[in-house]
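The values are calculated or read from the model by the stated rules, or taken from the named source; none is laboratory data. Predicted model only: the values in this text are computed from it and were never measured. Quick reminder, even Gly has a Cβ in these numbers, built from the backbone with ideal geometry, and neighbours come from all protein chains shown.
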Amino acid sequence: MADQRARRVAAESRGRRSEAIAALWLQLKGYRILARRVRLPVGEVDLIARRGNLVAFVEVKARKTRLEGETAVTPSSWRRISRAAESWMAARPKLAQLDWRFDLVVILPLKIPLHLRDRWRPDFASTRF
């Protein structure tokens, strides 16, 4: 039981550290971080960032390889992120005119973060919000 708890605490710490690295990387690229670790009843988003007329809903994954990072977020996870994004944006009418997209930042050991823009798009024909 204590071993499981220690693993959970270590994973949480790695996740927070990875999100901080991703946020810093995005800021260096000209993004302003609007929110971190957004938890809503419909889903969650690691980072919400803005650059110009664009809001990016960013999922962050720390993995050993690029392929592991790129495939770590499942379609059902993207749908939960999308529901959270929809809810978050609905509560902010001042941002309604902005474009938005779903990005992925992969944190790799001893490498600069990999920012994959527009990584996923909702299938509005089959997705209910």
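Structure above, values below:
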read-out: Search result, residues across the stretch 18-32 that are in contact with a strand residue (DSSP E or B) (Cβ under 8 Å, 6 or more places away or on another chain) and either buried (at least 16 other Cβ atoms within 10 Å of the Cβ) or assigned to a helix (DSSP H, G or I) (or both); value: S18, E19, I21, A22, A23, W25, L26, Q27, Y31
read-out: Residues located in the stretch 112-129, provided they are at pLDDT below 95 and in a loop (DSSP other than H, G, I, E, B); value: R121, P122, D123, F124, A125, S126, T127, R128, F129
read-out: Contacts under 6 angstrom Cβ, first residue in the stretch 24-45 being in contact (Cβ under 8 Å) with a residue 12 or more places away in the chain, partner surrounded by 13 or more Cβ atoms within 10 Å (Cβ to Cβ) and among the hydroxyl-bearing types (S, T, Y), 6 or more apart; value: L40/S87; V42/S87
